[in-house]
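Reading through the structure tokens given below for one structure.
The values are calculated or read from the model by the stated rules, or taken from the named source; none is laboratory data. Here the structure is a predicted model, which is why all the values come from computation and not from measurement. Neighbour counts are summed over all protein chains in view; Cβ atoms, including those assigned to glycine, are modelled from backbone coordinates with ideal geometry. Protein only, heavy atoms only, side chains kept; ligands, DNA and RNA dropped before computing areas. Shrake-Rupley method; radii C 1.70, N 1.55, O 1.52, S 1.80 Å.
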Amino acid sequence: MQLTGDHQTLVRALAGELSKYAVKRVGVAVSGGSDSMALLCLLSALQKQGDLVVEAITVNHGLRPEAADEAKFVYENCERLGVPHAIAEWTGWNGAGNLQGAARLARYRLIAEWAERRQLDTVCLGHTQDDVAETLLMRLKRESGVDGLARMDERFLRNDVWFQRPMMELSRVELRRFLKDIRVDWKEDPSNKNEAFERVRMRRLLGALEEAGLSQGALAAVAKNLSDAKEALGRAAYVFCVKYAKIEHGDLVINRAAFLNEGAELRRRILTMALDWVSPSEYPMRRAPLEELYLAIKEKRTFALNGCLSFVKEDSFRIGREYSAVRERVEHSPRWDRWVISGPWQMGMQLRALGEPSLSGLKNWRETAVPRQTLMASPAVWYHDELIAAPLAEPHDDWGLTLQRPKFPAEGAS
């Protein structure tokens, strides 16, 4: 693969993005489309310069008859480039739920499992400037706020593996020109021409906007500006939580007056941070339910959202786990929901939510000063139907609880 000066500019741009995180062992997800094939070739060029070790993976969802041939096509190109290649096959679709959503979750899971086995520092994804502009248009249609309109994250953690999007400044046109120059083919996904898909319709709209003088690059720049605004708001929310939030028994307790005094966008961000810490969600919270939660806090009403329960006092509000969200959860090990339990664990024991009437049967639970709703959603040790221990509701020398969550800003408060 002979690279000209123009091609080296692309290689240097990619190297600059990767250098931000000092990665050495890099994975790349390759579908066979032009974007991922260009990323594969550019990473291969960096590998030949001795800067990186590169490995590739293709996920075959088995949803189209062409998928196996596309995986073979990627394998043959990787072999020619000297890049080890793996194929992961998804066989988990049972016909229930949203197919695209299930395939997406499975894809990330399979890639993450492969990356951990191969001890990779990051996995690169082939999202381009085109994807940024198309996503902005789709979210404009949904009347999204700052977070929704902001450019997708250039680096994010999923399934305990780092993923990176190093080509968001590059356009599909220049990447395809690069592939043609080096005589590397790609496979077109038939769905890219199916206007039943919203993204395909937005792609067509981009062409019309270009003719009207609104370029793809300008839209991508707007998304980047909003990404900067998102980062600034995130920092402001972090500072607020350090100052005005605290952790109590796995709940977050937030100063109500300080919260109500903040602007609408910052309030939404604070609530999103709190809800996601108590009950992580795959998808961001929508604006309407967050606004309903804000009104409940303002009006001092109890409110359930995202597997969390918010209950309000005059000076504070508490966001904790909702009992109904964990009522059916049963674990046959000392890990349950957000907690790890320590003590004389034996085979046959289970962890389940304490709930009612078990809580009422404990004599001293009121002495803990922990709210009833919090205790109901807390873990308890059971042996068949016998309650062995409920460490949060009835502290015991032999049993203890540790909260397993990423650090929340409140933990940095003095």
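If we keep just the residues of segment 382-414 that are hydrophobic (A, V, I, L, M, F, W, C) and either in a loop (DSSP other than H, G, I, E, B) or open to solvent by 70 Å² or more (accessible area, probe 1.4 Å) (or both), which is modelled with the lowest pLDDT?
Only one residue tops the list, namely ALA413.
How many residues are crowded, with 20+ Cβ neighbours inside 10 Å and not small (Gly, Ala, Ser) when one looks only at segment 138-161?
4
Those residues that are without any contact (Cβ under 8 Å) to a residue 40 or more places away in the chain and open to solvent by 20 Å² or more (accessible area, probe 1.4 Å), I need them from segment 254-268; list them, please.
Hits for segment 254-268 are LEU260, ASN261, GLU262, GLY263, ALA264, LEU266, ARG267.
If a residue has to be more than 16 Å from LYS72 (Cα to Cα) and open to solvent by less than 10 Å² (accessible area, probe 1.4 Å) to count, how many in segment 33-55 make the cut?
The number of residues fulfilling the criteria is 9.
Here are some conditions: (1) in contact with a helix residue (DSSP H, G or I) (Cβ under 8 Å, 6 or more places away or on another chain); (2) of a type outside the set (Lys, Arg); (3) closer than 30 Å to ALA218 by Cβ; (4) open to solvent by 30 Å² or more (accessible area, probe 1.4 Å). VAL173 meets all but one. Which one does it not meet?
(1)
Somewhere in segment 68-79, is a residue open to solvent by 50 Å² or more (accessible area, probe 1.4 Å) and either under 22 Å from the mean Cα position of the chain (by Cα) or among the small types (Gly, Ala, Ser) (or both)?
yes
For segment 279-293, name all the residues that are open to solvent by 40 Å² or more (accessible area, probe 1.4 Å) and part of a loop (DSSP other than H, G, I, E, B).
Scanning segment 279-293 gives PRO280, SER281, GLU282, TYR283, PRO284, MET285, ARG286.
Being part of a helix (DSSP H, G or I) and either at pLDDT below 90 or under 29 Å from the mean Cα position of the chain (by Cα) (or both) is the filter here; which residues of segment 48-67 pass it?
ALA67
Just to check your reading of the model, which residue among GLU195, GLU231, GLU210 is closer than 24 Å to VAL123 by Cβ, out of contact with any Leu (no Cβ under 6 Å at 6 or more places or on another chain) and surrounded by fewer than 16 Cβ atoms within 10 Å (Cβ to Cβ)?
Exactly one of GLU195, GLU231, GLU210 is closer than 24 Å to VAL123 by Cβ, out of contact with any Leu (no Cβ under 6 Å at 6 or more places or on another chain) and surrounded by fewer than 16 Cβ atoms within 10 Å (Cβ to Cβ), namely GLU231.
Take the conditions open to solvent by 40 Å² or more (accessible area, probe 1.4 Å), assigned to a helix (DSSP H, G or I), out of contact with any Lys or Arg (no Cβ under 9 Å at 6 or more places or on another chain) and of a type in the set (A, V, I, L, M) and apply them to ALA296. Does it pass?
Criteria not met by ALA296.
Hey, among ARG301, ARG338, ARG352, ARG327, which residue is surrounded by 12 or more Cβ atoms within 10 Å (Cβ to Cβ) and in contact (Cβ under 8 Å) with a residue 40 or more places away in the chain?
ARG338
Is it true that some residue in segment 193-205 is out of contact with any helix residue (DSSP H, G or I) (no Cβ under 9 Å at 6 or more places or on another chain), assigned to a helix (DSSP H, G or I), farther than 18 Å from PRO409 by Cβ and hydrophobic (A, V, I, L, M, F, W, C)?
No: segment 193-205 contains no residue that is out of contact with any helix residue (DSSP H, G or I) (no Cβ under 9 Å at 6 or more places or on another chain), assigned to a helix (DSSP H, G or I), farther than 18 Å from PRO409 by Cβ and hydrophobic (A, V, I, L, M, F, W, C).
Which condition number does GLU314 fail, the rest of (1) at pLDDT 95 or above; (2) open to solvent by 10 Å² or more (accessible area, probe 1.4 Å); (3) within 30 Å of ALA237 (Cβ to Cβ); (4) not in a loop (DSSP other than H, G, I, E, B) being met?
The one condition GLU314 does not meet is (4).
If a residue has to be under 26 Å from TYR244 (Cα atoms) and surrounded by 12 or more Cβ atoms within 10 Å (Cβ to Cβ) to count, how many in segment 355-375 make the cut?
7
Check whether at least one residue in segment 310-329 is of a type outside the set (Ser, Thr, Tyr) and on the phi > 0 side of the Ramachandran plot, and report yes or no.
Within segment 310-329 (the criterion being of a type outside the set (Ser, Thr, Tyr) and on the phi > 0 side of the Ramachandran plot), the answer is no, since none of the residues qualifies.
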